[in-house]
Amino acid sequence: YFLSDIVALKPAVMGEVTGAELIAEALKTQKVEYMFGIVGVPIIEVAMAAQAAGIKYVGMRNEQAACYAASAIGYLTGRPVVVIGGSSDRNQETTGAFQEFPQVEACRLYSKFSARPSSLEAIPSVIEKAVRTSIYGRPGACYVDIAGDMVNAKVNRISCCPPPPVSLADHSAVTEAICALKAAKTPLVIIGKGAAYGRAEALLRQFVEISGLPFLPTPMGKGVIPDDHPNCVAAARSRALLQADVVLLFGARLNWILHFGLPPRFNPNVKIIQVDLCAEEMSNNVKSVALLGDIGAIVTQLLTCVREHGWKYPSSTEWWGSLKEKIAANAEISKGLALNTTLPMNYYTVFHHISQQLPHDCVIVSEGANTMDIGRTMLNNYLPRHRLDAGTFGTMGVGLGFAIAAAAMEKSRDKSRRVVCVEGDSAFGFSGMEVETMCRYNLPVVIIVVNNNGIYKLRCDKILLTFRAPPVSLLPEARYDQVMTAFGGQGFLVRTAEELKSALELSLSDWDRPSLLNVLIDPSSDRKQQVSAAL
């Protein structure tokens, strides 16, 4: 839950509840555990009221990063973002009040619910509706606007909203889906972020193992079934997408991440089976067999049908042979790049050594261009909801906010897991000051900045060489490690594989403070050769 600037709340009258206390109480009633924001007059009172109510408040350095942190907590806990913002007094509307702006109308375009309580007494019910709307149906952010003159009053309490209703897919659609899978020669399962959010990992693993189908995770679907599972074909992604004749989508959309389900990346005659809780998403870009409802309930329906039919896709098919061949070939290419001893290091060398040391239960946060794309293929996830990256919008700057959210959540556990944030140097710059937040709250995040001195690959053509600072360049060998040490964390400058292994070992052993590894790589390092320009 993200707290934005709220204008002045008047002092409390003895025996009455202040607006700040009422907001905190309403959020606590809706089982809010975390709040992220930046205090100023009088946000201090709201943040203090939240802490007094038992909500864990994390003060950030940038409102953008605070909202990123809140969105990550929403994904990890199943309680999406509710933004609480402040506005001018109602009696000052249209007068040119301080920061007067039609916030409710502006937020309505980008949220599931946007409202301003008509009175202080209405705050609990509006917050309840915001929370309920955020978790019912397709999850999404909601906005609540608080006017400055909503002050002291006694109000009736509102109970917590019930959990979202669970719905099943139409039985005839489930039967059609199973028939299509049985008839398929080259079937493929795609596991998306919706499967992770829907807590369907145990059922999905059963389905994949009983059906014998190959599966491919989307970036945020990694770990729903472990990346090292024998049915995972992520290392043959391009071939799997291109040659599949039936694709079963679990909580994934046919947007740009999956190339819209269209040629040249997909078979032009592919049959799509779509499991989603949003009716409007069905048949977007490609006509689909729609299995509308709760993902866990629908996987149970599919499992029942598979068991009743006694069907399993054979492991000896030409399709499995083709996928395994491609997986092996791609692994050899990546291995060759990873074992390159030339200095400066390349991306694959860096990620190879990182992957050798990361604990299997760590939460991996990643952002950047090549850093995120290559890291996604080389850093495995073994548990659901243990990967946080830039997602559908590819937003840069999310990394440190996501890492703070994950670390704050892990800190409240009896046995904490490591949070490792892998950043490009450009991406780190968006929210770099949040390392102070990590130090202030003693959040032992390990940040690895893969530093290529710029954005994407630095080209050395004649045109760029005529400029002192080309548009894609950043300051060479910038000391991001010293930003961390300035606030009391550990900082390491890394140039070699040996230095990387040593620094990472020291960082992973320190649970008292954050660390930052500034890993210098070859500015011309790039992704491995793709099959064709279209890929």
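The values are calculated or read from the model by the stated rules, or taken from the named source; none is laboratory data. Since the structure is predicted, the reported quantities are computational estimates derived from the model, not experimental observations. Heads up, the Cβs are rebuilt from the backbone with ideal geometry, glycines too, and the neighbour counts pull from every protein chain shown. Side chains included, ligands, DNA and RNA excluded: accessible areas come from the protein's heavy atoms. Shrake-Rupley method; radii C 1.70, N 1.55, O 1.52, S 1.80 Å.
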Rg(Cα)/(2.2 N^0.38 Å) for the range 301-346, N = residue count:
2.05
Relative to the compact globular guide of 2.2 N^0.38 Å, what is the alpha carbon radius of gyration of the range 90-136, as a ratio?
1.32
Heavy-atom surface of the chain, accessible at 1.4 Å and reported per residue (Å²):
44
Can you give me the long-range amide H partners of residue 447? Hydrogens built in the peptide plane at 1.01 Å from N, cutoff under 5 Å, separation of 5 or more residues or another chain.
421, 515, 516, 517
Long pairs among 185/312; 185/287; 112/411; 31/222, criterion Cα-Cα beyond 22 Å:
112/411; 31/222
Dipole of the range 12-120, positive end: most advanced residue of 91, 18, 37 [Cβ charges, Cα centre]:
37
Applying the gyration tensor rule to the Cα atoms of the range 178-243 (axes a ≥ b ≥ c; rounded if a/c under 1.5, else prolate if a/b exceeds b/c, else oblate), the class is oblate
Below 12 angstrom from the Cβ of residue 90, what's the summed charge of the other residues (Lys, Arg +1; Asp, Glu -1)?
-4
Starting from a Cα-only point model with no solvent, please compute log10 I(q)/I(0) by Debye for the chain at q = 0.07, 0.09, 0.12, 0.13 1/Å.
-0.45, -0.73, -1.19, -1.31
Restricting to DSSP H runs of at least four residues, report the calculated mean residue ellipticity at 222 nm for the chain, -39500 (n - 2.57) per run over all residues, nearest 500 deg cm²/dmol.
-11000 deg cm²/dmol
So what is the relative contact order for the range 269-389, in percent, with contacts set as C-alpha pairs under 8 Å and at least six apart?
14
Once normalised by the length of the chain, the mean sequence separation of its alpha carbon contacts under 8 Å that are 6 or more apart gives a contact order in percent of 13
In whole percent, the fraction of accessible protein surface over the chain that belongs to carbon or sulfur atoms, probe radius 1.4 Å, stands at 56
Give, as a single signed number, the net charge of other residues whose beta carbon lies under 12 Å from the beta carbon of residue 177, with Lys and Arg counted +1 and Asp and Glu -1.
0
Relative contact order of the range 415-515, defined on C-alpha pairs under 8 angstrom at six or more residues apart (%):
34
